[in-house]
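**Student:** The following block contains the structure, expressed as structure tokens.
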Amino acid sequence: MKKKIKTIQNRLEHDPKFQEVVQRVRPEWSFWGIVSIGLFFFLPELITAIWQPELVSWAHLHSITEPFASMRNMYAMLEEMFRDGVSWVNVGLGVLFLVWAAKSR
């Protein structure tokens with residue numbers, strides 16, 4: 001199994017099409033690249049950290065008063081999501097993308 005994985009890895013490292021795709025996917029180290037990473041990964045976690053109690057109570061109120069069952073379930077899931085707090089996985093991914101973008105300079 002290890003040999004098979006090394007063979008696949010070696011093939012990908014020397015494949016020009018794969019390298020081209022990696023270059024296209026890599027975030028740019030520009031104003032808009034940094035802002036987009038910040039807006040997508042860090043801003044939602046900052047909002048959750050600042051207004052967590054208000055967001056949990058708002059979602060709980062709507063999960064109780066909503067007349068449709070599907071919407072009640074959505075608000076209950078939203079309440080559970082906000083109750084868990086900041087997603088450190090999301091923050092970690094944002095940091096990794098910033099590092100990756102910085103290496104592309």
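Computed from the coordinates by the stated procedures, all read-outs in this text should not be read as laboratory data. Only a predicted model underlies this, so the values are computations on that prediction, with no experimental measurement involved. So basically every Cβ, Gly included, is an ideal-geometry build from the backbone, and we count neighbours across all protein chains shown.
**Student:** Report the net charge of residues surrounding residue 100, where surrounding means a beta-carbon distance below 15 angstrom and charges are Lys +1, Arg +1, Asp -1, Glu -1.
**Tutor:** Around residue 100, the charge tally is +3.
**Student:** Here's a follow-up. Of (i) 1.44; (ii) 1.26; (iii) 1.58, which one was derived for Cα Rg over 2.2 N^0.38 Å from the structure shown?
**Tutor:** Answer by label: (iii).
**Student:** Among 98, 9, 53, whose Cα sits farthest toward the positive end of the charge dipole of the chain (+1 at Cβ of Lys/Arg, -1 at Cβ of Asp/Glu, about the Cα centre)?
**Tutor:** 9
**Student:** Further question on the same structure: To the nearest 20 Debye, how big is the dipole of segment 27-103 about its Cα centre, given +1 on the beta carbon of each Lys and Arg and -1 on that of each Asp and Glu?
**Tutor:** 140 debye
**Student:** Which whole-Hz couplings ³J(HN,Hα) result when phi for each residue of segment 39-50 is put into the Karplus expression 6.51 cos²θ - 1.76 cosθ + 1.60, θ = phi - 60°, listed in order with x for Gly and Pro?
**Tutor:** With coefficients 6.51, -1.76 and 1.60, one gets 5, 7, 9, 9, 4, x, 6, 5, 4, 4, 5, 7 Hz.
**Student:** Another question, if that's okay. What are the ³J(HN,Hα) values, in whole Hz, obtained from phi via the Karplus relation 6.51 cos²θ - 1.76 cosθ + 1.60 with θ = phi - 60°, for each residue of segment 94-99 in sequence order, with x given for Gly and Pro?
**Tutor:** Result, ordered by residue: x, 5, 4, 5, 5, 5 Hz.
**Student:** With runs of 4+ DSSP H residues as the only contributors, calculate the mean residue ellipticity of the chain at 222 nm using -39,500 (n - 2.57) per run, divided by the residue total and rounded to the nearest 500.
**Tutor:** About -25500 deg cm²/dmol.
**Student:** Would you work out which of 27, 65, 82 lies farthest towards the positive end of the dipole of segment 10-105? Charges go on Cβ: Lys and Arg +1, Asp and Glu -1.
**Tutor:** About the Cα centre, the residue reaching furthest to the positive side is 27.
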